[in-house]
1. Over all distinct Cα pairs, what is the inverse of the mean 1/r for the chain, reported as the Kirkwood hydrodynamic radius in Å?
2. About the Cα centre, and with charges only on the beta carbon of Lys, Arg (+1) and Asp, Glu (-1), how big is the dipole of the chain? Nearest 20 debye, please.
3. With a Förster radius of 30 Å, plug the Cβ-Cβ distance of residue 44 and residue 117 into 1/(1 + (r/R0)^6) and report the FRET value to the nearest 0.05.
4. Would you mind telling me which residue in 20, 72, 232 has the biggest mean-square fluctuation in a Gaussian network model of the chain, where springs connect alpha carbons within a distance under 10 angstrom?
5. Suppose the Debye formula is applied to equal point scatterers at every Cα of the stretch 123-237; what is log10 I(q)/I(0) at q = 0.12, 0.14, 0.23 Å⁻¹?
6. Give the relative contact order (percent, whole number) for the stretch 4-261; include only Cα pairs under 8 Å separated by 6+ residues.
7. Given the pairs 95/135; 5/95; 95/235; 100/235; 5/100, which are separated by over 26 angstrom at their Cα positions?
8. I'd like the distance separating the alpha-carbon centroids of the stretch 32-93 and the stretch 151-208, in whole Å.
Amino acid sequence: MFDAKARYVRSLFSRVPLEYDILLGLLSFAQDRRWRGYVVGCARPSNGGRVLDVATGTGLLAADFARTLTGYGYVVGVDLTLSMLKTARWRLNSKGLRHKVDWVLARAENLPFRDGSFGSASISLALRNVSDAQKTFAEMSRTTGPGGIVISLDFARPPNRLFQLLYYDYLLGLFPLFGRMVSEDWGRTLSYLGRSILRARTGEQIASLLNREGLADARSVPLTAGIVCAVYGKKRQYRERREPVLNITEEQVLARLSGARD
């Protein structure tokens, strides 16, 4: 089932899949490649491991993960927009990464995978677009195995007041103007992106969401003057506890044995 926001986001991004990477470059001041490198470094995918990329879009982060994996390792990219997944598949196939990536049409809040299926899980520049961020992290945590990293990279509000003024003018003025010069769809998409960033959560708020899911050592790292934050936490290692069959002390056991002999 799709709620109103999910339907809107799917409709919005289904119209600009081929141009999305260009839009991202404009929005990130061409820093998105460096940001993705940071995410891959934090996630630390193991050789032969499995990586989940939620809201994968055109597969930019999935491709970066795929290049680092060796052996039988692979990436699963999930998105709710079919045209985005088709674009991602075409682009990664053209880069020779077909055997390293699978694509799944699904919502972030309802991932169709078993518990602990992946070594790490990421969501990049898309947390603002999901309908329920807490449920998204719950699903990412559920499908990540013990010791794995769950990481979010998303736009944020920069802390410097002067930079805020310049950046907000860019987001709400020049950025949508660029879009309208190209097409109505571009203008609508860029206007949504700008407004959504102004309502974005802080890194600390995202870290709090990760903490609620029981992820350990959740921390927020601002990048590029704070226009984005990488927030990540580690899935706890659960150790099996052996409970005694009978809840009695050693002295009680010895006393019972002594009584039995008597």
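We did not get these values from a lab; they are worked out from the coordinates using the rules stated. These figures come from a predicted structure and were not determined experimentally. Here the Cβ positions follow ideal geometry from the backbone for every residue, glycine too, while neighbour counts run over all protein chains shown.
1. About 19.9 Å for the chain.
2. On the way: 38 positive and 24 negative charges, 81 e Å.
Its charge dipole is roughly 380 debye.
3. Approximately 0.95, to the nearest 0.05.
4. Maximum among the listed residues: 72.
5. Debye intensities relative to I(0), on a log10 scale: -0.48, -0.62, -1.18.
6. Relative contact order for the stretch 4-261 comes out at 17 percent.
7. 95/135; 5/95; 95/235; 5/100
8. 24
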